[in-house]
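What follows is one structure encoded as structure tokens, with my remarks underneath.
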Amino acid sequence: MTRGTEGHAWGARRGLGRRFVVLALATAFALVLGGAVAGSADAASVCAGRPKKTVKFATGELRVYKSRAYACATAVARPGKRRPMSVTIQPRGGHPVTDRGRYTERAGPVTVHALNRCVRVSGTVDGKGGSTSWILC
């Protein structure tokens, strides 16, 4: 065997070893994340950003999220039959954004640009609802 062939064979083995380690780490990472996410209902939020406020009411709850430049809201109820739901978010000095319809679980998400702006949010499920004053100021 020439020296070039030995180097090639050794390099191929080492490349396979690296691929195996990367594959093993990726699999372990996916299992850890999958285990943490699979059991949590809130882990798969439809809004970007962090949860900032939750307003509970008789038939559901209103959830408000904030990222750096945006605010987002949803009205959430226990899954079931279709029923009237709505959610509205309004930035101070801006127009309200509303999602209204007959849903089984969630109205929204509705998102507005809210960099350095307060917002107010309201939501209803089956005629009962909740709202906030100006928040995230």
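Some points to look at:
- Residues located in the stretch 79-118, provided they are assigned to a strand (DSSP E or B), surrounded by 14 or more Cβ atoms within 10 Å (Cβ to Cβ) and among the small types (G, A, S): S86, A107, G108
- For beta carbons closer than 6 Å, sequence separation of 6+ or different chains, a first residue in the stretch 104-126 that is at negative phi and a second that is aromatic (F, W, Y) and not in a strand (DSSP E or B), the qualifying pairs are C118/W134; R120/W134.
- Only listed residue being modelled with pLDDT under 95 and either among the aliphatic types (A, V, I, L, M) or loosely packed, with under 14 Cβ neighbours inside 10 Å (or both), chosen from V37, V121, V125: V37
The values are calculated or read from the model by the stated rules, or taken from the named source; none is laboratory data. Please read all numbers here as calculations on a predicted model, not as lab measurements. Cβ atoms come from the backbone with ideal geometry, glycine included; neighbour counts cover every protein chain shown.
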